[in-house]
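Each remark here refers to the structure printed beneath this line.
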């Protein structure tokens with residue numbers, strides 16, 4: 001039966017009943033038992049959930065973490081137990097952060113299960129009964145009415161004014177008018193298969209009966225569940241950058257350690273153990289052991305900041321990924337638009353006006369028809385029913401008119417229901433003075449064919465050909481703007497006729513007016529799209545709605561320019577199917593709007609952009625968006641209108657469903673990346689300075705800094721200042737830069753060259769202070785001279801890094817322009833680190849522990865001048881970068 005599912009809409013109801021071996025009076029208990037054994041329960045299969053332990057172990061697969069663990073093991077074997085313990089503590093802290101963030105997420109398939117309708121009405125054993133939806137089997141006869149959730153995929157065999165809202169599955173905002181008749185077209189998108197009902201869609205009005213053609217994983221929702229199970233999550237740019245950085249550092253560290261070890265052994269001045277300790281000291285100096293924790297803390301702080309702006313982060317890496325976004329592929333319904341049909345234009349008395357400029361009362365005929373020819377339900381928490389009809393009622397409720405009271409006072413006596421062929425609905429309502437008003441609403445062309453008169457400024461006259469021409473032209477004008485147009489007419493009758501048929505009664509009507517409706521764009525989205533464009537980010541609309549509607553909304557939002565040709569910029573799902581992957585990859589950069597698409601199309605669009613090396617953010621709120629949300633570099637779910645499935649498949653959820661929040665999140669993401677770059681530049685340049693100092697000392701045969709000194713410098717200068725750099729405020733103009741894209745990395749944008757020259761000068765200045773101390777001793781003893789020189793080198797290497805932290809507050813701008821002391825946490829971090837460093841020298845008892853001597857004031861002056869020189873050098877280089885290399 002599975003292989004025939006796509007053909008059911010092309011088969012007659014009778015043929016499907018026969019195919020499914022169904023009975024109009026329902027299956028017997030024996031039939032149900034046999035089919036359940038064959039097809040199983042009407043449930044969705046889920047992937048095995050990863051345990052907390054598995055999540056914890058997964059945190060250690062990162063290359064940088066592996067390097068740190070190896071370094072900790074070597075340090076422990078060599079006797080550097082404090083060093084090893086600190087590195088392991090950093091690694092475990094990083095893992096705990098990651099597990100804590102990921103453990104909040106529920107599995108997406110579990111959410112799909114929870115969406116399933118709990119109960120359903122079916123025919124069983126020749127009688128109507130209610131069963132759990134999971135107990136439904138193929139061949140069951142399901143009965144539907146307004147308010148029901150469709151429990152499985154069905155082929156309709158009866159439909160009485162049945163409308164089903166399928167936005168969560170198809171992306172189309174307007175409920176579908178269902179039919180029983182066979183459809184002959186091939187390869188129709190789900191939204192056009194009007195004789196089928198789909199699992200988890202909602203019945204908004206009417207009644208219907210259908211035979212179950214698919215359950216569980218054999219439903220359209222089941223296909224999405226399978227796609228979620230098989231779609232691999234994309235590696236984030238942050239993960240790629242850290243992995244590449246880890247690879248580079250591994251090679252460099254090994255090369256330097258081997259050279260130093262080899263040269264030391266060749267010179268024969270040190271024992272094997274001493275040289276091994278020296279190589280380990282170099283490795284410790286080179287490895288930025290605080291980097292994983294700093295990245296995690298920076299991301300966590302970014303997460304908190306974004307939460308205050310209503311963007312909820314489910315995975316830490318998503319913060320940074322947003323900042324590198326090139327493409328935002330957004331669902332239309334409920335994301336770019338309000339998912340709420342609204343009256344926008346009114347055509348009355350020959351004039352077309354905006355709805356905001358139209359003031360009517362319930363004594364006028366057009367409002368009377370709009371609210372009486374209407375099945376909207378008045379609920380305690382708002383309006384219920386078909387979105388088109390509720391929009392008509394809301395239009396007058398918003399004008400403070402007593403709509404509910406008016407409807408209650410004018411009882412409906414009879415009706416000729418809507419059907420999809422004639423596209424009209426007619427009602428008979430009791431009016432004052434025993435009059436009965438026959439009201440009609442529907443498609444303008446169908447209604448005009450039944451009109452003989454027109455209401456013109458409260459006067460009824462014969463309708464002319466010119467009137468009809470103007471009405472038709474207005475209808476066309478509104479349709480080209482992607483507005484859904486309804487026409488209204490009426491006539492007064494003495495009584496409700498006995499023969500309530502369209503042929504007998506729907507004629508001689510008086511035309512009252514037109515209205516144009518649309519699911520309007522969110523008011524803040526156009527500005528958000530413009531800001532994204534300024535930031536070099538391309539916004540794309542992906543929707544299940546019709547092409548004309550999508551194109552019109554895209555132009556209103558600025559996703560399309562008004563001069564753009566639809567043939568170049570807009571494509572349908574069917575047209576996309578006709579393109580090969582290579583053809584599509586050539587065209588993908590030009591296309592801005594995708595209409596009438598299926599879930600697999602969305603994944604294909606995301607993949608095509610990713611093959612171009614672009615970082616893709618996919619926003620969505622429906623079940624149909626979930627696979628693409630998972631496949632994208634960052635999936636952005638909607639917190640209010642979004643289904644649980646889309647939220648759980650996302651990396652970030654917008655608590656306010658506000659597209660503008662995405663732009664705010666992008667800014668936060670860019671700031672996070674910039675701050676991580678600053679921290680990385682600070683750490684690696686400082687570590688390079690340490691490596692150069694130790695390397696040259698070893699090569700020259702000098703006494704070298706002790707491992708405990710290197711460890712303490714790393715501990716007090718690497719951690720707190722680097723974390724403080726992670727909370728630096730965003731630099732001006734950050735949203736005017738082009739996206740970094742996937743090919744960028746932490747060392748691009750001048751960072752690598754900065755690390756090299758800054759590390760070189762840090763090492764050179766430290767060695768210069770050491771040489772100065774040797775050449776200008778304050779003691780006569782060689783032992784004290786060398787001890788003072790090592791102490792001054794130790795103090796200089798520590799302080800120069802703290803001074804350099806000021807340089808790292810900005811990559812290319814002068815630190816005096818961005819503000820030296822704006823970041824209070826940064827100020828306290830540097831002050832605390834400086835005190836911890838100085839205390840090891842000035843506090844009695846620490847001297848022997850850290851192998852240092854007390855320094856005179858003159859020696860401290862040399863140390864401070866040497867440390868501050870890195871600021872002078874850096875400011876000179878930055879000036880040259882800005883003025884000669886145009887780096888900002």
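No lab work stands behind these numbers, since they all come straight from the coordinates. Just so you know, these numbers come straight off a predicted model, no measurement behind them. Ideal geometry is used to build each Cβ from the backbone, glycine not excepted, and the neighbour counts take in all protein chains shown.
Structure notes:
- Global form of the range 342-518, assessed from the alpha-carbon gyration tensor, a/c cut-off 1.5: rounded
- Cα long-axis angle, helix 659-700 against the chain (0 to 90 degrees, to the nearest 10): 20 degrees
- Residues 782, 31, 656, sorted so that the one with the fewest Cβ neighbours within 10 Å comes first: 782, 656, 31
- Nearest 10 degrees, 0 to 90: helix 751-775 Cα axis against the chain principal axis: 20 degrees
- Label-point separation, residue 423 to residue 612 (7 Å along Cα→Cβ), nm: 3.6 nm
- The relative contact order of the chain comes to 13 percent, based on Cα pairs under 8 Å that sit 6 or more residues apart.
- Stretched out straight at 0.36 nm per residue, the stretch from residue 561 to residue 825 would grow longer than its current Cα-Cα span by 90.5 nm.
- For the chain, the longest principal axis of the C-alpha atoms and the axis of helix 63-77 are separated by about 30°.
- Ordering 651, 331, 364 by the number of other Cβ atoms within 10 Å of each residue's own Cβ, fewest first, gives 364, 651, 331.
- Whole-number Å³ per residue for the convex hull built on Cα positions in the range 500-619: 180 Å³
- Cα-based radius of gyration for the range 517-572, normalised by 2.2 N^0.38 Å, reads 1.10.
- Full-stretch length increase - residue 377, residue 472 - with 0.36 nm per residue and alpha-carbon distance subtracted: 31.0 nm
- The alpha-carbon atoms of the range 653-739 define a convex hull whose volume equals 133 cubic angstrom per residue.
- On full extension, the segment bounded by residue 132 and residue 868 gains 257.4 nm, given 0.36 nm per residue less the C-alpha separation.
- Sequence of 161, 390, 321 once ranked by neighbouring C-beta atoms within 10 Å, starting from the fewest: 161, 390, 321
- Recomputing Cα extents along the principal axes in Å from the coordinates shown identifies the correct label among (1) 125, 66, 49; (2) 107, 66, 52; (3) 94, 63, 59 as (1).
- Relative contact order, whole percent, for the range 342-518 stands at 27, derived from Cα pairs under 8 Å and 6 or more residues apart.
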